[in-house]
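Structure record follows, encoded as structure tokens.
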Amino acid sequence: MSISRRGFTKRLTMAAMAGVASLALAGCGSSDEAGETVAAANLDGAIEKPNLTLGFIKLTDMAPLAIAQEKGFFADEGLNVSLVPQANWKVLLDGVIGGQLDGAHMLAGQPIAATIGYGTQADLIAPLSMDLNGNAITLSNRVWQMIRDDLPEENGRPIHPISASYLRPVVDAFEAEGKTFNMGMVFPVSTHNYELRYWLAAGGLNPGFYTDGDVAGTVGADVQLSVTPPPQMPATMEAGTIEGYCVGEPWNQQAVFMNIGVPVITDDEIWNDNPEKVFGLRKDFAEKYPATTAAMLRAIIRAQEWLDEDNGANRAEAVEILSRSNYVGADAEVIAASMTGVFTFEQGDTRPAEGFNIFFDKYAGYPYYSDAVWYLTQMRRWGQIAEDKSDDWYFNTARAVYRPDLYLAAANQLVERGEIEADDVPETDGFRGPQTGFIDGLTYNGRTPNQYLSSFKIGLQQGQRVTASGVSGT
């Protein structure tokens, strides 16, 4: 496995932190124009709340929490942590909001949606991104056989990435028989929902729009999407309720090992190096317990570094840990099929996938404002945000949720301790540069969200709204 971590541009040092953390919130201006600087977290003082309960869903990308626990990184920080699996993302979200959980492995869209009041209203923050990539889209064997002969090949294997356009004849065949073509994702504001929608739309299929108070999002849909908890995805597809799904690992690999489905695309082929989960908690928790919050972040960052260090030398041990019933609870062989630098699409078709799970490299832990803006654009694109918003609204909302000040404070203390290197911390104003690597060939610039939204052929445009009867407006 080969994941490059060093050798990027120069990074942030502690002395430069305050200036570098400036946020460009005035259109696409530079950090110097913003006139606003992110405040560093208070690292002084004793741990205010040493006994903590953190939630997670049984997915491979909860690994930083498991490793922080098993390698003693939480204990090193004076924390006594209980990691508790949750039944589904709604239960997990409610646990964080209600205070039963002090923090959690969360969908990146959850703290964003809660902050803007979509689904529920709560002031949540994301001071750390847990990983890049890690999802895939799997089709049932039945659908795979319907598209397989049409796919271009190289050396007898399908050429990737596979476009959703190959599903059009299948969807049309279902419609001709009076059936809907159903696929699953894990939560309405999940990365999986937006990735699945992005892939379908890039292939010319409409995944449907949301209306006010509507959590199904099926207005005008060619393909109807429904929510299924991640561990239940394979069984739901095997039962015929859905014909495919987008989920994190190991539940795509589980379909391969059960011989019930075929992954057709990984999410890094939909959006290369996309942000996936975050570590989320209540804003008032971070304010009440700043030293505890910093300690949690330091432990998780150390775990992220351990997962990616030495070109993935620790991944085999991580697989064994994750396979335990109190964590992911899937067979080690299934977890290893995507966690160790490869990805299995079919039995006998295992391909290199060096960047399928990235936890620390490429600044995976830094919570970029532009990542939050991307999620907000997709919420608007599909009607979860009902009306147009200004670019400044996107920037201000991102700033309210994503907290690089907290990340930088914790990371730079680790640099001072010698536990990570100075060049492991990014020099940034909070925005990535323009990003390519999308399956539809578009470029995403987080500084111009409305311009980005106008580039989609399928999705709401300026002035449009969704009603039960369809899309209206100019």
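The values are calculated or read from the model by the stated rules, or taken from the named source; none is laboratory data. Since the structure is predicted, the reported quantities are computational estimates derived from the model, not experimental observations. Cβ sites come from the backbone with ideal geometry, for glycine too, and all protein chains shown count toward neighbours. Ligands, DNA and RNA are excluded from the accessible area calculation, which covers all protein heavy atoms including side chains. Shrake-Rupley method; radii C 1.70, N 1.55, O 1.52, S 1.80 Å.
A few remarks follow.
- The apolar share of the surface of region 350-393, taken as the fraction of accessible area on carbon and sulfur atoms (1.4 Å probe, ligands and nucleic acids excluded), comes to 45 percent.
- Averaged over its residues, the chain has an accessible area of 35 Å² per residue, based on protein heavy atoms and a 1.4 Å probe.
- For the peptides 398-407, 330-339, 167-176, residues were scored by their other Cβ atoms within 10 Å and the scores averaged per peptide; the highest-first order is 398-407, 330-339, 167-176.
- Principal axes of region 55-170: Cα extent on each, largest first, Å: 57, 37, 23
- Mean projected area (nm²) of the alpha-carbon convex hull when region 182-275 is viewed from all directions: 6.0
- For VAL247, residues with placed amide H under 5 Å, excluding near neighbours: ALA136, THR138
- Per-peptide packing, taken as the mean over residues of other Cβ atoms within 10 Å, places 198-205, 367-374, 146-153 in the sequence 367-374, 198-205, 146-153 from highest down.
- Using the Cβ-Cβ distance between GLN451 and ASP76 with R0 set to 35 Å, the FRET efficiency works out to roughly 0.15.
- Computed from the alpha carbon atoms alone, the convex hull of the chain holds 132 Å³ per residue.
- Residue ranges 67-79, 122-134 sort as 122-134, 67-79 when ordered by packing (mean number of other C-beta atoms within 10 Å per residue, highest first).
- Long pairs among LYS90/LYS277; LYS389/LYS457; LYS90/LYS288; LYS58/LYS277; LYS283/LYS362, criterion Cα-Cα beyond 22 Å: LYS90/LYS288; LYS283/LYS362
- Here is how the number arises for the chain: DSSP H runs of 4 or more residues each give -39500 (n - 2.57), the sum is divided by the residue count, and the result at 222 nm is -10000 deg cm²/dmol.
- The Cβ shell under 13 Å around GLN121 holds other residues with a net charge of 0, Lys and Arg each +1, Asp and Glu each -1.
- Note that region 176-233 shows a convex hull volume over its alpha carbon atoms of 94 Å³ per residue.
- Surface composition of region 169-249: carbon plus sulfur atoms hold 49% of the accessible area, using a 1.4 angstrom probe and ignoring ligands, DNA and RNA.
- Under the span-like rule (Cα at least 20 Å along the axis, Kyte-Doolittle mean at least -0.5), DSSP H helices of the chain: 290-312
- Spherically averaged projected area in nm², based on the convex hull that wraps the Cα atoms of region 289-397: 10.5
- Within the accessible surface of region 77-132, defined with a 1.4 Å probe on protein heavy atoms only, the carbon and sulfur portion equals 48 percent.
- Separation of region 69-148 from region 326-386 is 12 Å, based on Cα centroids.
- When all alpha carbon pairs of region 384-456 are counted in 10 Å bins from zero, the resulting P(r) reads 15, 36, 29, 16, 4 %.
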